[in-house]
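Structure first, then comments.
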Amino acid sequence: MDYFRKVLGGPQDAQTTSGAETIERLCERVSSSTLLDDRRDAVRALKALSKKFRLEVGTQAMDILLNVLQQDRNDTEIIGYALDTFYHVMSNEPTDEDDLNNTSGNDLGGQFTEIFIKHAENVTLLLTFLEEYDFHVRWPTVKLLTVLLTNRQKDLQEIILVIPMGVSRLMDLLSDSREIIRNDALLLLNQLTKGHANIQKIVAFENAFERIIDIIRDEGATDGGIVVEDCLLLLQNLLRNNASNQNFFKEGSYIQKLRPFFQLDDDSHSKQVGWSAQKVTNMHLLLQLVRTLVSPNNPQNQTVACQKVMNQCGLLQDLCSILMASGVPADVLTETINTVSEVIRGSQINQEYFASVLAPSTPPRPAIVVLLMSMVNEKQPFVLRCAVLYCFQSFLYKNEVGQSQIIQTLLPTAADATSITAGQLLCGGLFSVDPLSNWFAAVALLHAIVENPTQKEQLLRVQLATSLGSPPVSLLQQCCNMLSQGGKLQTRIGLLMILCGWLADCPIAVSHFLSNTANVPYLISQVSASEGDEHEAICQGLCAFLLGICMLYNDDTSEAFSKTALKQILQNRIGLESFTDKLTQVAQNENYTRAAKKPHLYHKHPSEIVFDFEFTRLFKSLENEVLKAVSGTGSSINGRKSGGPSVEQYKTLMKEQEDQLIILRQRVEELQTHTIGADKTIVELQRQVQQLKDQNSLLKAQRGNQGSPSQTGAGNTEDIESLRKEITELKLQIQDKDAQLLTSAVALGDRDENKENNPDSTAVLQSSLARLQGELASRDAQISLLQSELDKVNALLLQKDNTQVSASVADSDSRIQEVEAKLKTVTEERNNLQERLKKSNEENLKLANTIRNLEEEKVSVDEEKNNLKEEMENLKKEQDDLLVLLADQDAKIEKFKTKLKELGQEVEDDEDDGDLDDENEDDLDAD
């Protein structure tokens, strides 16, 4: 015990010494008493002391209590006391005694947990207790497993994963009629499924979605309590970053089952009372669950399929109803706007529906107009305004029709004095005194013309009446006038972003911009000014970018500012080196990096708003072209398309390679799914064999008592025929799996032609797949042998009816014994094959580590190239092309490395659980 005190810590005062002596006597009593009542009383006393003397009970009684769990399993009372004692010892919840003894800071429960789970059979023992229905055994077991997962989550996840039927036993707890056990089981499953894709797939395969949705419905949906919150958290754990479960959720029609939860109560009394804090939380989690299914980070085909289902089942309509409903809390409304944004993003059908939604006002206004009114209103909450901008961006994303509709509201022919249009609101926000409204409106207009030259030209027709009696001014010139007047940072950045996006790939707009002789001198003065703070550096860099665009898309219609003239002005007034420094500072800014990651606006404070996601894409695509145009290495768009390999060609090549890798990963996933299906069929076959053995034993007894061999033979024939069908199905599944392996090998061969940087890794993976094919062929031969033996037995049983009764019974018994022996041999061979498959999985894990090491070496090489970037800037244009390629590769490699790590996490497991959702799909199809 002194040793444990030194390791685990703890006071050694007189009270503790006295308690330790008492615990020592109790432990002696538990281990030495022959009467169950005496042992039970001693364990009950240890339970009472375990809260106050966690260290002493844990160090002295752990092994003794484990023996109690193993030897006294028939006595539920003593088992319950022992489990409660373990729970108190391993729980890190602070108590008064912890504060008094000053031990709350130690991870005592975590250390005892590590000792407990060091032997995996201890966890297996706990899972067997879940089969006991007695409340005093099952409930303490659930609580103990939860605290073990809390203390050592990853270790316990790996242990439970390899225990046969381990996850299934935990899932059965959701069917317990006692709510306290069911509710604690939800907490347990929440801990179990965090960050473990394979366990998430197994839980989903165990009909988790159906059970959880039923619980949510029974508990009152969003009006329910904390149990609904736990259910929604569990659903998010199962679906977040798990494409297989998301596909299973969609294919199982569970999206349709979520719809009733979004239908608000029309009761006027409930509107007056308002939403409870728990209902707000539940609605938040429910909306986040929908966003998980349609997140832009998901595979595109997966997101598109979910968006389509949400429209067809009416879920999008319900979300829009919440948007237009009264009495909805502001934070729920904000999250609903974000959810609608991602449901319609990139989906033409959903975008068309959203454009048709009308607000219940007098007169009715389009929902888009109502939302834009909130966006340009500085009195509205900041996060709500950000959500509206994200919704507007999502509505215009890949939506040329929507872009045209917005621009049309700005044109004179579409003006209507009796109604408020989106164009009027955007212009009002663009020229408002609120800098944030300026930025929001500028970005919204940018998305209305992005990648759409036609609308850029249409926008040139917009005329504004600045004051009474003054001639109208074009929108382009008014933006330039506002920019020259200075103003707040966000106003200037917003105007510069819309001007850059407007002039890019639009020579007519560039000509209009250059027609005002004051615009270029203003930009020159900004770029040539001495560097100020970080914000001024951003504006100077954007002015340099706008000048470069004027050169890049210049059609030489302006004599004063032709390409040659602009180039001379830049080199004489600014200098090539200074211009380059100002331009490159934009991409190096932290705000630029943050905005370039995701299209969603995750800003918490108005000061964080600087760049827009779409603008960062534009800047990244044109930065190098601008530098070439200014330096003279590439003076025109047509010129840069000729010659050697361009940056775009390199990007295209890398994109093709990445797509091929994604296809290969999908093939491997399918292969894993078929492997799991074959393993499960083998388990079912073993069960059938055991049933056949039991039936044979019963038939033997019947022969001895009744003397009816003909009926017995018929029963055996039916059982063996059923077993033959099971084996035939297994053989077909393995043939399908073999075909998948061949397809994966062909894909690997194609991948090897394009991926020259990793030939060794590809060769190893091909060798591993070939080895798996050989093992599957061996398994196929074993099953064929078993089927042949069963055919022989069946033939003998059929011949038995024509022989004498006594001789037939004896022959049948011997043959059945022979088949049983053969079946036992084949079962052992299957077990050996499973071990070989396990070793193959370990080899795949080593392969993943090798690939990861290669990627790390590649990152290291790229970092060295980046260190030489400044020296290589002065070299000829071929080296400039290489620099741009390396800069693009850095971002690609980081993204690729993250994906490999995610794949590696799944490969590190035994891969026994694979994509279980594919099996679920087969079951659904069969139904």
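The values are calculated or read from the model by the stated rules, or taken from the named source; none is laboratory data. Bear in mind that the values here come from a model prediction, so they are computed numbers and not experimental data. All Cβ positions, glycine included, derive from the backbone under ideal geometry; neighbour counts span all protein chains shown. All accessible areas refer to the heavy atoms of the entire protein, side chains included, with ligands and DNA or RNA removed. Shrake-Rupley method; radii C 1.70, N 1.55, O 1.52, S 1.80 Å.
Within 10 Å, count the other beta carbons around each residue, average over each peptide in 78-90, 190-202, 354-366, and list them highest first.
Peptide ranking by packing, descending: 78-90, 190-202, 354-366.
Please list, ordered by chain and number, the residues whose modelled amide H lies under 5 Å from the amide H of Ser474; skip anything fewer than 5 residues away on the same chain.
Leu464
Quickly work out the Val433-to-Asp37 label distance, labels modelled 7 Å from Cα along the C-beta direction, and quote it in nm with one decimal.
9.0
Starting at the first residue of the stretch 291-301, write each ³J(HN,Hα) from the Karplus equation 6.51 cos²θ - 1.76 cosθ + 1.60 with θ = phi - 60°, in whole Hz, x for Gly and Pro.
Values per residue, Gly and Pro as x: 5, 4, 6, 10, 5, x, 7, 6, x, 4, 5 Hz.
All other residues with a Cβ under 12 Å from the Cβ of Leu476 taken together, and with Lys, Arg as +1 and Asp, Glu as -1, what is their net charge?
+1
Provide the FRET efficiency to the nearest 0.05 for the Asp555-Lys488 pair, computing r from the beta carbons and using R0 = 35 Å.
So, using R0 = 35 Å, E works out to roughly 0.55.
Using a simple spin-label model with points 7 Å from Cα along the Cα→Cβ vector, what separation in nm is obtained for Ser361 and Ser321?
For Ser361 paired with Ser321, the spin-label model returns 2.2 nm.
Tell me the label-point distance for the pair Lys895, Lys620, using the 7 Å Cα-to-Cβ offset, in nm and rounded to one decimal.
The two pseudo-label positions are separated by 0.6 nm.
Using all alpha carbons of the stretch 510-602, what is the percent of pairwise distances in each 5 Å bin, ordered from the shortest bin to the longest?
Reading the bins upward from 0: 2, 14, 23, 21, 16, 12, 8, 4, 1, 0.
For the stretch 357-457, what's the relative contact order in percent, using C-alpha pairs closer than 8 Å and at least 6 residues apart? Numbers along the way, then the final one.
Details: 100 pairs, mean separation 28.1, N = 101.
Result for the stretch 357-457 is 28 percent.
Which residues' amide hydrogens lie under 5 Å from the amide hydrogen of Ala529, considering only partners 5 or more residues apart or on another chain, with H built in the peptide plane?
none
Short version: ³J(HN,Hα) in whole Hz for each residue of the stretch 478-487, in order, from phi by Karplus 6.51 cos²θ - 1.76 cosθ + 1.60 (θ = phi - 60°), x for Gly and Pro, what are they?
For the stretch 478-487, the Karplus curve yields 5, 4, 5, 5, 5, 5, 5, 7, x, x Hz.
Work out how much length Leu264 to Asn241 would gain on full extension: take 0.36 nm times their residue separation and subtract the Cα-Cα distance, in nm to one decimal.
Length gained between Leu264 and Asn241: 5.4 nm.
Determine the alpha carbon to alpha carbon distance for each of Lys582/Lys901; Lys154/Lys308; Lys250/Lys398 and list only those over 26 Å.
Beyond 26 Å between Cα atoms: Lys582/Lys901; Lys154/Lys308.
Out of residues 5 or more away from Ala359 or on other chains, whose amide H comes under 5 Å of its own, with H placed 1.01 Å from N in the peptide plane?
It is Arg365, Ala367, by chain and number.
Counting other Cβ atoms within 10 Å, keep those with at most 14, restrict to DSSP loop, and tell me which chymotrypsin sites (Phe, Trp or Tyr not before Pro) in the stretch 129-225 are left. Show your work: numbers first, answer last.
Working: sites: Phe129, Tyr133, Phe135, Phe205, Phe209; in loops: Tyr133.
For chymotrypsin sites (Phe, Trp or Tyr not before Pro) across the stretch 129-225 that sit outside H, G, I, E and B with at most 14 neighbouring Cβ atoms in 10 Å, the list reads Tyr133.
Starting from the stretch 116-173, pick out the GluC sites (Glu not before Pro) whose DSSP state is loop and whose Cβ has at most 13 other Cβ atoms within 10 Å.
In loop regions of the stretch 116-173 (DSSP not H, G, I, E or B), the sparsely surrounded GluC sites (Glu not before Pro) are Glu131.
Pop out the carbon and sulfur fraction of the accessible area of the stretch 259-399 as a percent, whole number, probe 1.4 Å.
So the carbon and sulfur contribution to the accessible surface is 52 percent.
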